[in-house]
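Since the structure comes first, as structure tokens, the remarks are kept for the end.
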There are 2 protein chains.
Amino acid sequence: MEPAPAVLLPFSRTEYALRLGKVRVEMDRRGLEMLICPDPSNMSWLTGYDGWSFYTPQAVVVTHDSDPVWWGRIQDANGAKRTVYMEHDHIHGFPDDHVMSTERHAYEHLVLVLRELGWDRRRTGVEMDNYYYSATSHRVLIDGLSDAEVVDATGLVNWQRGVKSLQELEYMRRAARIVERMHDTIRETIAPGVRKNDLVAEILRTAVRGTEEFGGDYAAIVPMLPTGVDASAPHLTWDDRQFETGQGTFFEIAGCHRRYHVPLSRTVFLGTPPAEIRTAERAVVEGLEAGLDKARAGNRVSDIATALYAALERHGVEKEGRCGYPIGLSYPPDWGERTISFRTTDHTILEPGMTFHFMPGLWMDTWGLEITESILITEQGPAETFCEYPRELFVK
Amino acid sequence: MEPAPAVLLPFSRTEYALRLGKVRVEMDRRGLEMLICPDPSNMSWLTGYDGWSFYTPQAVVVTHDSDPVWWGRIQDANGAKRTVYMEHDHIHGFPDDHVMSTERHAYEHLVLVLRELGWDRRRTGVEMDNYYYSATSHRVLIDGLSDAEVVDATGLVNWQRGVKSLQELEYMRRAARIVERMHDTIRETIAPGVRKNDLVAEILRTAVRGTEEFGGDYAAIVPMLPTGVDASAPHLTWDDRQFETGQGTFFEIAGCHRRYHVPLSRTVFLGTPPAEIRTAERAVVEGLEAGLDKARAGNRVSDIATALYAALERHGVEKEGRCGYPIGLSYPPDWGERTISFRTTDHTILEPGMTFHFMPGLWMDTWGLEITESILITEQGPAETFCEYPRELFVK
């Protein structure tokens with residue numbers, strides 16, 4: 001039997017220790033003795049864990065007096081042994097008869113593990129508002145931890161992830177190179193008569209090939225590319241109909257490297273765009289410029305949103321709501337970090353090393369336009385864009 | 001303003017009416033006056049809704065006295081108008097300030113909608129154990145529906161989806177053609193020195209191109225292709241390292257058309273496979289044959305599992321747990337229907353029109369082998385396989 005090769009961690013052990021330290025400080029501030037994280041991106045950020053296993057229950061458990069514990073399906077415990085930094089005695093798998101069972105629930109097994117570890121009376125935080133933590137999981141957990149106080153800790157870890165390390169920024173810069181190539185592919189390939197799925201095939205191919213130096217990973221969201229009236233809806237994917245002259249299509253896509261995302265949206269019009277779309281283009285480009293100039297360390301997130309909306313309004317374009325969110329490490333179904341929102345009401349202070357998708361999407365009644373930038377807040381001056389890509393409506 | 005083009009439903013209105021009827025019968029049996037379905041595949045199966053919007057709260061609400069109601073984020077209400085069969089007054093969007101907010105929760109808005117409709121005192125079922133129904137969503141819902149009895153209805157709709165219609169089978173046969181092409185791509189492309197990501201790029205390209213007659217959709221799971229020792233873990237994805245001689249890699253992939261999946265796994269060995277892997281190959285192929293012969297209408301699911309494990313045991317291969325699950329319409333993170341499990345303890349009776357991924361994966365300490373079949377239970381005789389693909393360890 002050949003010895004298992006060493007785990008190839010994407011970050012240094014020091015970086016994982018720093019992350020754990022930040023989380024423990026916040027746990028301490030909230031009086032938490034234990035934190036249960038079912039969010040796959042938090043699991044990965046804390047331990048290195050990587051795998052498409054989030055469709056069955058799994059979590060990382062953080063305490064003050066032990067390395068993190070990985071818990072999940074027994075067959076995925078093997079995946080944990082291949083990807084996390086902790087010793088194998090910190091990896092616990094629940095038996096396969098707990099999978100998709102109406103008689104046994106996986107969280108009953110987590111309760112047993114916590115009891116064995118003597119952690120079942122601790123003041124516990126859990127990420128209650130997460131895709132991968134169902135109402136039933138919570139019911140089973142609180143029934144099982146009846147001697148523990150269990151409180152909501154949604155976002156506790158996510159907020160620690162906002163400021164990126166140099167290694168994280170390096171991965172994101174690689175993702176930026178990838179998404180630029182994806183847009184090049186779009187511009188080269190799109191034409192009247194081309195089926196949408198055939199264009200997506202080329203986009204995905206470019207995304208995963210990456211460059212000669214580094215490969216691409218799967219993005220947490222598949223390409224979204226609604227055309228014409230469908231572009232009034234932001235989240236439609238694709239079908240096998242052909243592109244036609246006289247229609248606009250926006251492309252909401254991201255490059256991804258080692259689970260780190262850099263989204264970039266652009267819009268393509270086949271034929272001659274109507275005046276209202278040209279007006280919207282000018283408005284959005286000016287809005288981006290105005291927002292970028294406010295995206296400075298020490299300013300508030302709301303300053304960016306306010307600058308964008310003021311610029312849009314000067315062109316008679318009404319837009320409200322969310323126009324950006326933090327980005328980085330993620331798993332499906334979302335590449336955002338789910339903390340800050342670019343809104344006029346979010347007054348979070350911008351810090352150097354924060355990364356965002358600045359995303360002034362316009363979804364009107366009969367068309368849509370997206371020209372966006374992924375940005376890095378720097379020590380001084382306006383935000384740096386991850387991509388160097390023409391900030392325009394592309395007409396072909 | 002050009003009029004919106006008609007909604008292109010993937011199924012006839014009659015088929016949607018039959019589906020709704022089945023669900024209502026089961027609701028009635030359980031004494032449910034209202035059913036809240038946040039599962040995206042159930043939402044799509046019931047209404048035609050399609051979009052990558054499940055990362056914010058959304059649901060379809062079924063009652064006995066009204067067409068289904070679609071509820072989700074306001075910008076995705078536009079996507080609902082483009083994809084569902086119901087009239088627009090059955091589509092409700094929550095405002096954007098409920099998105100990723102710590103002050104407002106989207107389910108507060110659903111409660112308001114249900115109150116306006118006069119449905120807030122009804123005996124209600126909700127899919128409590130679903131990816132897209134968090135512990136917090138449930139807490140907000142039951143707080144808001146304080147005059148209603150709210151019970152768990154996880155799986156209620158899923159169980160109605162088991163027997164497929166002719167149109168569903170047609171989509172699955174197309175998905176089967178696609179996954180066969182994906183395996184052809186693997187056999188043509190894989191070689192020592194090829195980077196894993198470059199192979200995945202070609203697999204995804206083939207998957208989405210589909211054929212000249214029909215395009216491919218995104219599968220609910222990305223390709224999983226662990227190599228060597230990593231293949232002891234079933235759910236690892238890929239990186240940018242090169243394939244090497246002397247290693248086996250299994251490919252767990254699915255073709256997808258209009259959200260209908262046909263998974264098919266095969267294993268490739270570069271070089272000369274060790275004897276134990278050849279033994280495992282023979283065991284799995286015989287096990288598949290034995291199981292397929294038992295996969296007949298009127299038999300029990302457990303008959304398939306028992307036949308498989310007996311065949312494996314004859315070759316000295318120990319395996320337990322789940323070896324198959326129902327397939328069809330799905331969204332990430334899972335392409336299974338989450339009802340039946342191929343296990344020796346699941347005695348569900350097989351019915352014509354049921355479709356499964358028969359999946360005897362072997363994940364050993366230092367290697368893994370997957371040779372699987374997607375199957376259709378027919379009126380008479382053994383199950384039909386969706387794919388015609390060599391049932392073998394492919395050596396190159």
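The values are calculated or read from the model by the stated rules, or taken from the named source; none is laboratory data. Computed from a prediction, not measured in an experiment: that's the story for all the values here. Using ideal geometry, Cβ is built from the backbone for each residue, glycine included, and neighbour counts are taken over all protein chains shown. Note: areas computed on protein heavy atoms with side chains; ligands, DNA, RNA excluded. Shrake-Rupley method; radii C 1.70, N 1.55, O 1.52, S 1.80 Å.
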Rounded to one decimal in nm, the spacing of the 7 Å Cα→Cβ label points at B:Thr14 and B:Trp159 is 2.8 nm
Largest-first ranking of A:His64, A:His105, B:His347, B:His315 by accessible area, probe 1.4 Å, whole protein assembly kept, is B:His347, A:His64, B:His315, A:His105
Each label sits 7 Å from Cα toward the beta-carbon; between B:Val285 and A:Asp65 the label points are separated, in nm, by 5.7 nm
If amide H atoms are modeled at 1.01 Å from N in the peptide plane, then the residues at a separation of 5 or more from A:Phe386, or on another chain, having amide H under 5 Å from its own are A:Ser374, A:Ile375, A:Leu376
If every Lys and Arg gets +1 and every Asp and Glu gets -1 at its Cβ, then about the Cα centre the stretch A:16-123 yields a dipole, in debye to the nearest 20, of 400 debye
Residue-ordered couplings for the stretch A:182-198, obtained by feeding phi - 60° into the Karplus form 6.51 cos²θ - 1.76 cosθ + 1.60 and rounding to whole Hz (Gly and Pro as x), are 5, 5, 4, 4, 4, 5, 6, 9, 5, 5, x, x, 6, 6, 4, 5, 5
Along the dipole axis of the stretch B:202-306 (charges at Cβ: +1 for Lys and Arg, -1 for Asp and Glu; origin at the Cα centre), the most positive-end residue among B:Gly271, B:Val222, B:His261 is B:His261
Under the rule rounded for a/c under 1.5, else prolate if a/b exceeds b/c, else oblate, using alpha carbon gyration tensor axes a ≥ b ≥ c, the stretch A:71-158 is classed as rounded
Expected vector for the stretch B:312-317, Karplus 3J(HN,Hα) from phi with 6.51, -1.76, 1.60 and θ = phi - 60°, integer Hz, x for Gly and Pro, equals 4, 5, 4, 9, x, 9
Taking a crude spin-label model, label points 7 Å out from Cα along the C-beta direction, the A:Glu318 to B:Asp97 distance in nm is 1.6 nm
Once amide hydrogens are built 1.01 Å from N within the peptide plane, the residues lying 5 or more places from B:Thr348 or on another chain with amide H under 5 Å from its amide H are B:Val301, B:Ser302
Computed for chain B: size of charge dipole around the Cα centre, +1 on C-beta of each Lys and Arg, -1 on C-beta of each Asp and Glu, debye to nearest 20, value 440 debye
If the label point sits 7 Å along Cα→Cβ of A:Lys22, residues of the stretch A:349-370 with amide N under 14 Å come out as A:351-356
Rounded to the nearest 5, the percent of DSSP beta bridges in the protein assembly as shown running antiparallel is 75 percent
Judged on accessible area alone, 1.4 Å probe, highest first, B:Ile349, B:Ile253 line up as B:Ile349, B:Ile253
With the charge dipole of the protein assembly as shown built from beta-carbon charges (+1 for Lys and Arg, -1 for Asp and Glu) about the Cα centre, the Cα from A:Leu166, B:Ser341, B:Met34 projecting farthest to the positive end belongs to A:Leu166
Everything considered on the Cα gyration tensor (a ≥ b ≥ c; rounded for a/c under 1.5, else prolate if a/b is larger than b/c, else oblate), the protein assembly as shown must be described as rounded
By the Cα gyration tensor axes a ≥ b ≥ c (a/c under 1.5 gives rounded; else a/b larger than b/c gives prolate, otherwise oblate), the shape of the stretch B:144-207 is oblate
In debye to the nearest 20, the charge dipole size for the protein assembly as shown, taken about the Cα centre with +1 at each Lys and Arg Cβ and -1 at each Asp and Glu Cβ, equals 460 debye
Probe 1.4 Å, heavy atoms of protein chains only: per residue, the accessible area of chain B in Å² is 35 Å²
Log entry, pair A-B: total buried accessible area, probe 1.4 Å, protein chains only, in Å² rounded to 100, is 6500 Å²
Computed on Cα atoms only, the convex hull of the stretch A:249-389 has an orientation-averaged projected area in nm² of 8.6 nm²
Long-range alpha-carbon pairs in the stretch B:203-281, meaning those over 18 Å apart, account in percent for 48 percent
Semi-axes (Å, rounded, descending) of the ellipsoid equivalent to the stretch A:231-325 per its C-alpha gyration tensor are 26, 20, 11
Sequence order, the stretch B:239-256: Karplus ³J(HN,Hα) from phi using 6.51 cos²θ - 1.76 cosθ + 1.60, θ = phi - 60°, Hz rounded, Gly and Pro as x, gives 9, 10, 7, 8, 5, 10, 5, x, 10, x, 9, 9, 10, 9, 9, 9, x, 9
From most to least accessible, 1.4 Å probe, no ligand or DNA/RNA atoms counted, A:Glu87, B:Glu26 line up as A:Glu87, B:Glu26
Total charge of the residues flanking A:Gly21 in space, meaning their Cβ is under 14 Å from its Cβ, with Lys and Arg +1 and Asp and Glu -1, is +1
Taking only C-alpha positions in the stretch B:1-131, Rg and Dmax in angstrom work out to 14.5, 48
Counting all Cα-Cα pairs in the stretch A:19-78, those more than 19 Å apart amount in percent to 27 percent
Residues whose modelled amide H sits under 5 Å from the amide H of A:Gly255, counting only those 5 or more places away in sequence or on another chain, are A:Val179, A:Val262, A:Leu264
Taking every other residue with Cβ under 9 Å from the Cβ of A:Gly51 and scoring Lys and Arg +1, Asp and Glu -1, one gets -1
Taking every alpha carbon pair in chain A and sorting the distances into 10 angstrom bins from 0 up to the bin holding the longest one, the percent per bin comes out as 5, 22, 28, 23, 15, 6, 1
Projected onto the charge dipole of the protein assembly as shown (unit charges on the beta-carbon of Lys, Arg, Asp and Glu, signs +1, +1, -1, -1), the Cα from B:Ile186, B:His64, B:His88 with the largest positive-side position is that of B:Ile186
For the stretch A:86-216, the convex hull over Cα atoms projects on average to an area in nm² of 13.2 nm²
Counting Lys and Arg as +1 and Asp and Glu as -1 over every other residue whose Cβ sits under 13 Å from the Cβ of A:Asp65, the net charge comes to -1
Over the protein assembly as shown, the sum of -39500 (n - 2.57) across DSSP H runs of at least four, divided by residue number and rounded to 500 deg cm²/dmol, gives at 222 nm -10500 deg cm²/dmol
On the accessible surface of the stretch A:192-232, probed at 1.4 Å with all protein chains in place, carbon and sulfur together account for a percent value of 45 percent
Interface residues of the stretch A:287-332, defined as losing at least 10 Å² of accessible area versus the chain alone with a 1.4 Å probe, are A:Gly321, A:Arg322, A:Pro332
